[in-house]
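Working notes, structure below.
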Amino acid sequence: MSMISVLIADDHELIRKGLVSLFKNSDVKVCGEAASDEEAVRQARKLKPDVVLLDVRFGEADGLDSIRRMLTAVENGGAGRSKMAALGGVGFS
């Protein structure tokens with residue numbers, strides 16, 4: 001079985017480190033981390049991960065807008081269109 005590459009994008013370091021720890025010794029390879037919207041878009045374009053775990057409430061940025069920008073960056077980078085889904089809790093503030 002091949003490894004699944006994951007980019008973790010969250011403005012909270014504790015969340016990022018917790019997810020990295022969770023994926024240790026699994027079939028998931030954390031290929032990168034991003035602490036900001038801009039960094040997440042750059043990393044997605046550079047690393048072309050299989051999955052992006054993205055905080056929908058990403059600091060001052062809108063995570064959904066981040067997804068749109070990642071799709072555009074990946075397409076413009078020649079990697080083809082990726083499938084992305086935004087999952088999150090409803091009613092969290």
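No value in this document is a laboratory result; all are computed from the given coordinates. What you are looking at is a predicted structure, and each value in this text was computed from that prediction instead of being measured. FYI the Cβ positions are ideal-geometry reconstructions off the backbone, even for glycines, and counts take in every protein chain you see.
Label-to-label distance, ASP65 versus ILE4, with points set 7 angstrom from Cα along the beta-carbon direction: 2.9 nm.
Rounded to the nearest whole Hz, the Karplus-based 3J(HN,Hα) values (6.51 cos²θ - 1.76 cosθ + 1.60, θ = phi - 60°) of region 13-18 follow the sequence 4, 4, 5, 4, 5, x, with x at glycine and proline.
Neighbours of ASP10 by Cβ distance under 12 Å: Lys/Arg scored +1, Asp/Glu scored -1, total -3. A simple spin-label model places pseudo-atoms 7 Å from Cα toward Cβ; at VAL51 and LYS29 they are separated by 1.5 nm. Proximity of backbone amide H atoms, modeled 1.01 Å from N, is registered between VAL52 and LEU7 at under 5 Å, excluding neighbours fewer than 5 places apart on the same chain.
In this structure, the amide hydrogen of LYS29, modeled 1.01 Å from its nitrogen in the peptide plane, lies closer than 5 angstrom to those of ILE4, SER5, VAL6, counting only residues at least 5 positions away or on a different chain.
Between LEU22 and GLU38, what length comes free when the chain is fully extended (0.36 nm per residue of separation minus the Cα-Cα distance, one decimal in nm)?
On the way: separation 16, 0.36 × 16 = 5.76 nm, distance 2.48 nm.
Taking LEU22 through GLU38 to full extension adds about 3.3 nm, to one decimal.
The coefficient of translational diffusion for region 1-57, derived via Stokes-Einstein from the alpha carbon Kirkwood radius under 20 °C and 1.002 mPa s, stands at 190 µm²/s. For ALA34, the residues 5 or more places off, or on other chains, whose built amide H falls under 5 Å of its own are ILE8, ALA9, ASP10.
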